[in-house]
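The values are calculated or read from the model by the stated rules, or taken from the named source; none is laboratory data. Since the model is a prediction, treat every value here as computed from it, not as a measurement. Don't worry about glycine lacking a Cβ; one is built from the backbone with ideal geometry, like all the others, and counts go over all protein chains shown. We work out accessible area using only protein heavy atoms, side chains counted, and drop any ligands, DNA or RNA first. Shrake-Rupley method; radii C 1.70, N 1.55, O 1.52, S 1.80 Å.
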Amino acid sequence: SKHMADVLGFEHHVLDFRDTFKEHVIANFVSEYACGRTPNPCVMCNSHIKWGKLIQAAELYNCDYIATGHYAQIAEHRGHLYLKNAVDTHKDQTYFLWMLTEDNLRKTIFPLGGLTKDEVRQIARNHGFEQLSKKAESQEICFIPNNDYRTFLAEQGVNVPQGEYINSLGNVLGTHQGYCHYTIGQRKGLGIALGHPAHVLRINAEKNTVMLGTADDLKTEYMLVEDAMIINQQELLSCENLTVRIRYRSKPIPCQVLPLENNQMLVRFLSEASAIAPGQSAVFYDGQRVLGGAFIASQRGIFKVIAEHPF
């Protein structure tokens, strides 16, 4: 990046955000796994680092905007600013950006939002950055060496002993290697043979149990979400084409939303949904516009919530 700055003639500064990164991203990652949830560190990093510390630094250097390489766009609708899907739908990163506020968006430029990845690589080649244009993509978590998060968690003091695999009736099926090694929906690497494909249905950190079942057992009609950040709640509730994505690259699922107390919401899926993983993000869309998002909550007690709050 320093070479590029020299070639293109702009200032280059190195900013040290390691302490904030440890406090807000790594600590959250570790604590979520320790609680039996599946965290999404990119969401936290975008909120606390790129649109937290970086915006503060931009103001310090008298910059009006920050520009990032995320594949996303910004749209205005009825007096509000929203995230909008990138033109390159295969690279769209709006799922990771749902915690950005309208104030954040007013200070942001997404230069790649209207381009495809191939077009971006060609622009780099046209400007003499041949090596950059060939840079390999990475889907791994940046702070996890070799994508080995189990070893990383152990180094951070999360040492969970072996526990019991159980079925939905509570019957013991076998032994697992510690609940933090698993995520909802996982099928491979379970180390157990049941005579049929087994999936992780539920993780109980308190009891160190991992519930296994079939793919059909993963399907659900409802989910609870928490810590919701919605730009215009009335628009969310009245949206006729509301959809939700429950993981990166998943297809948007038509849904309805019912607000609850304490910034929670009950979501009803209008088509098939499965593998609801607490800790992951639920991001709501009206077509290509992001209306907001929330974290998937523990689904314990959801049937009581459904009974008390019918749609």
Checking residue 92 against (1) at pLDDT below 95; (2) open to solvent by less than 40 Å² (accessible area, probe 1.4 Å); (3) within 30 Å of residue 128 (Cβ to Cβ), which test does it fail?
-> (1)
List the pairs whose first member sits in the stretch 224-247 and is without any contact (Cβ under 8 Å) to a residue 12 or more places away in the chain, whose second member is surrounded by 14 or more Cβ atoms within 10 Å (Cβ to Cβ) and of a type in the set (D, E, K, R), and whose Cβ atoms are under 9 Å apart, counting only residues at least 6 apart or on separate chains?
-> 240/286
When the stretch 46-99 is checked residue by residue, the ones that are over 17 Å from residue 291 (Cα atoms), outside any helix (DSSP H, G or I) and among the charged types (D, E, K, R) are 64, 88, 91
Which of the strands (runs of 3 or more DSSP E) contained wholly in the stretch 252-311 include at least 1 residues that are hydroxyl-bearing (Ser, Thr, Tyr), in contact (Cβ under 8 Å) with a residue 24 or more places away in the chain and buried (at least 18 other Cβ atoms within 10 Å of the Cβ)?
-> 281-286
Can you tell me which residues in the stretch 202-230 are part of a strand (DSSP E or B), more than 21 Å from residue 43 (Cβ to Cβ) and either of a type outside the set (A, V, I, L, M) or open to solvent by 40 Å² or more (accessible area, probe 1.4 Å) (or both)?
-> 202, 204, 209, 213, 219, 220, 221, 222
Among the residues of the stretch 100-109, which ones are surrounded by fewer than 21 Cβ atoms within 10 Å (Cβ to Cβ) and either outside any helix (DSSP H, G or I) or over 20 Å from the mean Cα position of the chain (by Cα) (or both)?
-> 101, 103, 106, 107, 109
Taking the condition closer than 30 Å to residue 6 by Cβ, without any contact (Cβ under 8 Å) to a residue 24 or more places away in the chain and either over 19 Å from the mean Cα position of the chain (by Cα) or part of a helix (DSSP H, G or I) (or both), does residue 154 pass?
-> no
Would you point out the residue of the stretch 1-51, among those that are farther than 30 Å from residue 205 by Cβ and open to solvent by less than 30 Å² (accessible area, probe 1.4 Å), that is nearest to the chain's Cα centre (by Cα)?
-> 51
